[in-house]
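Below is one structure; the comments refer to it alone.
The values are calculated or read from the model by the stated rules, or taken from the named source; none is laboratory data. Remember, it's a predicted structure, so these values are computed and weren't measured experimentally. Counting neighbours? That spans all protein chains shown, and the Cβs are built from the backbone with ideal geometry, glycine included. Accessible surface is based on the protein model in full, side chains and every heavy atom, while ligands, DNA and RNA are left aside. Shrake-Rupley method; radii C 1.70, N 1.55, O 1.52, S 1.80 Å.
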Amino acid sequence: MSTTTADSFAAPGPGTPESTRPVKAATLAGAWRTFLVRRVVGLIVNLALLVLVTFLIVQLIPGDPATAIAGESASLGQVELVRTQLGLDQPLPVQLWTYVSGVVQGDFGDSYRYRQPAMDIVMTAVPYTLTITIAAVVLLLVLGIALGMAIGVATRGDRRRWLDLSFSVVTGIISSIPTYVLATGFVVVFAVLWRVLPPAYSPAYNIGAAAILPIASLSIGGICSVARIVRRETAVILEQDYMRTARGWRLPTLTLYVKHMLPNLLTTALTLSGIILTALLGSALITEAVFAWPGLGGVIVQAIAVDKDYPVIRAAVFVIGLISLVMTLIIDIILGIIDPRTLGGKRD
Amino acid sequence: MIAGVALAAAVGLALSACSTGAPEAASGTTDTINAELWYAPATFDPAKASASSDVTVARLGFDTLLRQGETEGYVGGLATDWSSTSASDYTFTIRNDATCSDGTAITPTVVANSFSYLVGLDDSGAQTWKNQAFGSGTPTFTPDDAAGTLSISLSAPYSQLFGGLTRPGSGIICPAGIADPEGLAAGTVAGAWSGPYTLTKSEAGKSVQYALRDDYKVWPDWKNVEGTPAKTINLTVQADSNTSANLLESGGVDLARFYDANAQRFEGDGYSTVTFASSAYNLVFNQAPGAGSVFEGNKDLRAAVAQAIDREGFNSAGLDGLGVEQNTVSAASYRCALDDSSLVQKYDPAAAAKVLNGKTIRLLMMSNWDPAGDFLAESLRAAGATVTVSAPDPADWTKQMRTQPETWDMAIAAENAESGLIHTSIARYLGPTYAQGGTNVASSDNPEGMADYEAGMNATDPDEQCANFEAAQKTILERVDMTPLITDTHRYVARKGFASYVFSGYWDISAMRIVS
């Protein structure tokens, strides 16, 4: 720690001549550099913590992996044989060192159950999870913004109060329903009663058709949430001077709302979408169980509840964390492009 | 992929509101069977199979010497004839028309090499199969290709060898598989298969696909199996019973396994159902010397607990009433299983209360058996006992029951009831404990029963085997070392146009058929 004295540093003030040293003005490029360095370092630190914490947390999962893998009819000798083969007889620090040194090389170890690289098992499932999650995010952004804008414009200045009230009540109720409840309800209505959609994933069905209900389950709550926020933002933006001026100029509707209003809404919507995507990854794991969707959910549940498959759990949690961190970074970069003020730091 | 699915889903979602009729199901796929597994197979090496899904798919890819008879006994698999001169000496005649998937003839030497591979593996799953097939001793295999026979001699008598050689883990692995163990486990060795199907696709943790071999002609001589085997079998992982029922109803799968009331959605309407024993639910009394169990040396207390429990109530609470009352250590479908209810304590809560009042009992069970455990605990509390319930994770439950007898007095145990080998169930209640290298989870000291058990293991004549094994079961029941509760009966339901079969209590996946 260092200290400065009044003698060594004089703050400029009225009547005080400014320093002759030129002011180093922060440029946009500099802000970007600082932002990216900060975020990349943060990403690395977060990943390191993720690796370490995941290793420690899986030790707390109840149940002995060797017993789970050896099976119910195994003798104690067989269980110990499995324990030795899996390296679970080693002290924890040795296991940690083996794990970390493997992860640095991209090796999360072999699955206890499947006896093949844990990351391979996870990466087999990831595309399925990303498919429904990203599709849901795209849907909820597009439909949520469109719906929120439409309602916001329609109810501008306290017009159509019944519509505003109905919108708030309906979207409030829908967005408060847990995803797995919605999913179950969709199965009952669309698959069991009406029989218009597959109830779950099966090779007998087209994968696109089988994805409809999972995506709908994941997106509808988010659509309502985004729509409610966008509707509020729309109301605020519509009252701003520049919008009033634009309306006074009788600009075409499309220009008015798409060119002048939408960019301002996107900042909020995109920020929200990053948070929603992370939450959706969690919801997707549960939704997958309802629809037998062959994504990460089933892999993680089996790895935790049945097999105590530590390498698969670690790899899955790492991948989910990585997806979340990278998506957040991408969204922050997009936000930085749209609105450089979000990059942080001071610029003259 | 993501864009495509998203687009298809979005369009489909929009259209679904105005579409009518059933979703696009498996119509027209008359050469394909879509079915499910609860968990994905972890290995395709039958000798290393340990999880239920490994065992299930092993039956598709690897033939065994013997198969379960349709109603009793055995039928030939790769063997056409089998005999024994003692509980240690067996001879098999190997059929001369069986081939591996690469065309290699399956000779007695091929069979012997496969068994030697199994016996030599340093693997937990393999040790289980080895013990089930050849007992605890060391087997010696003597093939005679000219005569077409294989002789097996055992260092320790083991009368259950025929039954053990029906088990999928003893499936014959062809030379190409033995030459490449890693490829065998991954299912990638094209010539490894001796059974009717070969693996064509596997997504780890998700699904597997099998294709029928064009050159496979050695189906067992089943008399009542109708229909044609599927050219393609898709098995996807799906563990939820409600989802299975919905998929079966909509045609997403052609067969599904049920353990609960969802099975009752398929009574009639062209659905066919077969049933088989999945698990045997028993109450085990801990009698480990010095472990502090209230049941050690207290037969009256053990009997009182058995009297306090209404088994039908347990069935309703834990198994939706779909199980059947069990009268011995395992399911009634097991060969040599006693089926005499007079040996089981009758439900008599009044008599039970006289003994149980004021006693404290520590009940151990698995974490997902809450309704059944609650029923048992409340039954004992109603009889005046104080019951503390411990419900750890399944792996911890297993470990605790086997290695920590000081932590529990009685335990609900659900033993796999699909092996058909009664001696493994008997050995859970007599003989050496786990700490002693055995499987006696009750730590009971039953020399009389042990003598009967060993006599059964040494007998050559099947009737004599059964007489001895039944006598051993009788001693266990009379001593109340355990009390049988319910056999968890599972159902395989096939939709119209498909069928599956249970042979002597064993559901055989290779006998799934398309019947129209």
Which residue out of A:V258, A:V236 is open to solvent by less than 80 Å² (accessible area, probe 1.4 Å), modelled with pLDDT under 90 and in a helix (DSSP H, G or I)? A:V258
Only one residue in B:D122, B:D81 is free of Cβ contacts under 8 Å to residues at least 60 places away in the same chain, assigned to a strand (DSSP E or B), under 26 Å from the mean Cα position of the chain (by Cα) and surrounded by fewer than 19 Cβ atoms within 10 Å (Cβ to Cβ). Which one? B:D81
Note on the range A:107-130: residues among the polar types (S, T, N, Q), open to solvent by less than 10 Å² (accessible area, probe 1.4 Å) and within 9 Å of chain B (Cβ to nearest Cβ) are A:S111
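Here is a yes/no grid of residues against (1) closer than 27 Å to B:G420 by Cβ; (2) in contact with a Pro (Cβ under 7 Å, 6 or more places away or on another chain); (3) within 13 Å of chain A (Cβ to nearest Cβ):
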residue	(1), (2), (3)
B:W222	yes, no, no
B:A239	yes, no, yes
B:F266	yes, no, no
B:Y271	yes, no, no
B:A280	yes, no, yes
B:L283	yes, no, no
B:P289	no, no, no
B:N315	yes, no, no
Free of Cβ contacts under 8 Å to residues at least 24 places away in the same chain, out of contact with any Lys or Arg (no Cβ under 9 Å at 6 or more places or on another chain), surrounded by fewer than 24 Cβ atoms within 10 Å (Cβ to Cβ) and away from chain A (no Cβ under 14 Å), is that true of B:E406? no
Residue in the range A:86-106 that is surrounded by the most Cβ atoms within 10 Å (Cβ to Cβ), counting only those that are within 25 Å of B:Y434 (Cα to Cα) and in contact with a Phe, Trp or Tyr (Cβ under 9 Å, 6 or more places away or on another chain): A:L86
If B:A58 satisfies every condition in (1) at pLDDT 95 or above; (2) touching a strand residue (DSSP E or B) at 6+ places or on another chain (Cβ under 7 Å); (3) among the small types (G, A, S) but one, which is the exception? (2)
Taking the criterion of being open to solvent by less than 10 Å² (accessible area, probe 1.4 Å), assigned to a loop (DSSP other than H, G, I, E, B), more than 22 Å from B:T30 (Cα to Cα) and touching a residue at least 24 places away in the same chain (Cβ under 8 Å), would at least one residue in the range B:143-154 satisfy it? no
Starting from residues that are of a type in the set (V, I, T) and at the interface with chain B (Cβ under 8 Å from one of its Cβ atoms), keep the ones in the range A:197-233 and report whichever is most open to solvent (accessible area, probe 1.4 Å). A:I207
Out of the residues in the range B:359-374 that are at pLDDT 95 or above and of a type outside the set (S, T, N, Q), which is farthest from the chain's Cα centre (by Cα)? B:K359
Is it fair to say A:R250 is free of Cβ contacts under 8 Å to residues at least 40 places away in the same chain and charged (D, E, K, R)? yes
Tell me which of these A:T268 doesn't satisfy, since it passes every other one: (1) under 18 Å from A:A154 (Cα atoms); (2) part of a helix (DSSP H, G or I). (1)
Just to be sure I understand the filter: pairs with C-beta atoms under 8 Å, separated by 6 or more residues or on different chains, first member in the range B:201-225 and over 30 Å from A:P117 (Cα atoms), second member basic (K, R) and at pLDDT 95 or above. Which pairs pass? B:V218/B:R95; B:P220/B:R67; B:V225/B:R513
Answer yes if at least one residue in the range B:327-339 is out of contact with any His (no Cβ under 8 Å at 6 or more places or on another chain), surrounded by fewer than 16 Cβ atoms within 10 Å (Cβ to Cβ) and farther than 17 Å from B:F285 by Cα, and no otherwise. yes
Residue among A:A289, A:A305 that is open to solvent by 10 Å² or more (accessible area, probe 1.4 Å) and either under 23 Å from A:Q116 (Cβ atoms) or not assigned by TED's automatic domain parsing to the domain that holds A:G208 (or both): A:A305
